[in-house]
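S.K.: Quick one: structure below, then a few questions.
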Amino acid sequence: MKREVWLLSYLPAFLAEYKETAAALQAADPEFALVWEAADKVLYNAFIATADEYGIARFERLLGILPSGMDTLASRRNRVQARWFMALPGTWRMFLKRLTVLCGNTDFTFVKRFDKYRIELYVSLELFGQVEELKRLVDAMLPCNMVFYCENRISCRAAGSVLPAGGTCALEYFFLTNDGRDTAVAEGAALQGGGATGAVEIEITDNFDR
């Protein structure tokens, strides 16, 4: 939270009238604003949900997590939150609690078939790395004699319009060469026809000398 620092407001009214004192306090206002900002950063980085990249990196070093280049700040927070309570007892209630933390705001559905030693889970995990964290959680907390079936259903919502387009084109291919040795044979009869034409040229002038 950004704070507006105004040190002059802390002085009594009779002292605030002195220009030298007011100028000195106004010059110190930006420095105290930086102090408040640093204090807020320390407070936010004390919690996983509000930590920035610097704060999340400290949590990751504590847990031995190496983030990927594809990770976002949200996916890194989700992974740290999922692993932070690894030392808690592995009960069914704790497994559901940790699964709730991993899924965040998305819903999940459990189908318990304990008589057949089978558990079915339907989730909607979209953040990078959430599926890997789910596998780690299952391997760490579920008994080895249980068959675990999981489906990750991600709904795709497309908006807008799709306009199909097509076109036609014509292509002519010419191959010119003087290397051809084909022989053409003409058979049959050739008929020639013609006609007679006449032409008359008449010149009219008055420039004749008699």
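What follows is calculated from the coordinates using simple rules that are stated; it is not laboratory data. Keep in mind that this is a model prediction, so the values were computed, not measured. Neighbour counts are summed over all protein chains in view; Cβ atoms, including those assigned to glycine, are modelled from backbone coordinates with ideal geometry.
S.K.: Lysines near Lys97 by alpha-carbon distance under 18 Å, same-chain residues fewer than 8 away left out - which ones?
M.R.: Lys112, Lys135
S.K.: Shifting gears a bit: Could you work out how much longer the chain between Ser68 and Phe47 gets when fully extended? Use 0.36 nm per residue separation minus the Cα distance between them, nm to one decimal.
M.R.: On the way: separation 21, 0.36 × 21 = 7.56 nm, distance 2.16 nm.
The Ser68-Phe47 span can extend by a further 5.4 nm.
S.K.: In addition: Treat region 49-151 as a sphere of radius equal to its Kirkwood radius over Cα pairs and apply Stokes-Einstein at 4 °C in a medium of 1.567 mPa s; give the translational diffusion coefficient in µm²/s, rounded to a whole number. Write out the running numbers ahead of the final one.
M.R.: Values: Rh = 14.5 Å.
Estimated via Stokes-Einstein, D reaches 89 µm²/s.
S.K.: If you don't mind, another one. Once the Cβ-Cβ distance between Glu132 and Ala165 is put in as r, and R0 is 45 Å, what FRET efficiency do you end up with, to the nearest 0.05? Display every interim value, and only then the final one.
M.R.: Details: r = 41 Å, r/R0 = 0.91.
Rounded to the nearest 0.05, the efficiency is 0.65.
S.K.: Just to be sure I understand the model, the point goes 7 Å from the Cα along the line to the Cβ. What's the resulting Lys19 to Leu96 distance in nm?
M.R.: 7.3
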